[in-house]
Amino acid sequence: MIAPASRFTFAANANAAEQEFDEQGFFVEPDVFDVAEVDALVAASRDFDNAKNGSLLPTMNPHRMVPIFCQAAQKPRLVQIIARLVGGRPMGLQTEFFFGRPGTKGFTPHQDNFYVQAPLGAFASAWLALDDVDLANGCLNIYPGSHKFGLLEVSAVEQTSTFGQDPDANRLACAIPNQISPVCVPARRGSVIFLHGQIIHESNDNTTADRSRRALLMTYIREGVDFNKGRSAGRQTFQVT
Ligand SMILES: O=C(O)CCC(=O)C(=O)O
């Protein structure tokens, strides 16, 4: 099922949008980044090692390498929304750039906070679409309401291919509560999908022959709370306000 567009935007009615986030566990805000900003991020990604070596594998923490990615994570409109979602002053935590070349394998179902281990409600993710994203080129599938089930059991997944994807990223899949079904969430270039730390989400394979699905994941945590640094993620807070 394709998710209907969010009924409210933070720009038009922040309280209603926040309520929708609390109920559903995610929210799509259109046009957070304009065309020039998206173009600049895409252009900067061409200098990453994984672009130059042709692997086009995801690049971890580009905000530490190229200032424009740090500036993206600090964008006031984004940070104002995130501050409401994490219930206090936010700190940046981790970023990841996905090239999503044609053929890229999707991510298995997971809850970001399984890895981050932050207190409930203190951690959220912002997933910025850098291309128009739909079912064919690998949009996110989100399980509305699944953030209310706590941290769920995970089990190992047999990986037949990790093409285009971080091989460490989807060795596990979380259990899905029986009563919860996913919705496919298309997003226009420049939109941000805000994700509750415990919402179950996954991504589809990019089945197109010629359409990349670039995205920038930016994660945030309420200032002062504990979290798990992780091995490959190397999480470390940075100022966004
Ligand atoms: O962009 C993707 O394919 C999945 C990203 C994601 O779900 C994550 O990094 O938590």
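Side notes on the structure shown:
- Thr95 falls short on exactly one of the conditions (1) among the β-branched types (Val, Ile, Thr); (2) out of contact with any helix residue (DSSP H, G or I) (no Cβ under 7 Å at 6 or more places or on another chain); (3) surrounded by 19 or more Cβ atoms within 10 Å (Cβ to Cβ), and that condition is (2).
- Some residue of the range 194-204 being out of contact with any strand residue (DSSP E or B) (no Cβ under 7 Å at 6 or more places or on another chain) and either free of Cβ contacts under 8 Å to residues at least 24 places away in the same chain or open to solvent by less than 60 Å² (accessible area, probe 1.4 Å) (or both): no
- Residue in the range 47-82 that is surrounded by the most Cβ atoms within 10 Å (Cβ to Cβ), counting only those that are among the small types (Gly, Ala, Ser) and free of Cβ contacts under 8 Å to residues at least 40 places away in the same chain: Ser55
- Contact map, the range 143-166: residues that are closer than 19 Å to Gly100 by Cβ paired with residues that are open to solvent by 80 Å² or more (accessible area, probe 1.4 Å), Cβ distance under 7 Å, separation 6+ or inter-chain. Pairs shown: Gln159/Arg171.
- Filter result for His147 (under 14 Å from the mean Cα position of the chain (by Cα) and either over 27 Å from Val38 (Cβ atoms) or more than 10 Å from the ligand (Cβ to nearest atom) (or both)): no
- Condition check for Phe114: open to solvent by 20 Å² or more (accessible area, probe 1.4 Å), in contact with a Cys (Cβ under 8 Å, 6 or more places away or on another chain) and within 14 Å of the ligand (Cβ to nearest atom): yes
Residue by residue, here is whether (1) over 23 Å from Arg213 (Cα atoms); (2) away from the ligand (no atom under 16 Å from the Cβ); (3) outside any loop (DSSP other than H, G, I, E, B) holds:
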site	(1), (2), (3)
Cys70	no, yes, yes
Arg77	yes, yes, yes
Gln80	yes, yes, yes
Arg84	yes, yes, yes
Gly88	yes, yes, no
Gln94	no, no, yes
Phe97	no, no, yes
Arg101	no, no, no
Phe107	no, no, no
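- Of all residues in the range 13-26, those that are closer than 23 Å to Pro182 by Cβ have Cβ atoms under 7 Å from Cβ atoms of residues that are open to solvent by 40 Å² or more (accessible area, probe 1.4 Å) and modelled with pLDDT of 95 or more, 6 or more apart or on another chain, in Glu18/Arg84.
- Selected residue (only one of Ala175, Ala156, Ala136, Ala124 is on the phi < 0 side of the Ramachandran plot and surrounded by 17 or more Cβ atoms within 10 Å (Cβ to Cβ)): Ala124
The values are calculated or read from the model by the stated rules, or taken from the named source; none is laboratory data. Since we're looking at a predicted model, the values are computed, not measured. Here Cβ is always computed from backbone atoms with ideal geometry, including for glycine, and neighbour counts include all displayed protein chains. Note: accessible area is taken over every heavy atom of the protein model, side chains too, but ligands, DNA and RNA are not part of it. Shrake-Rupley method; radii C 1.70, N 1.55, O 1.52, S 1.80 Å.
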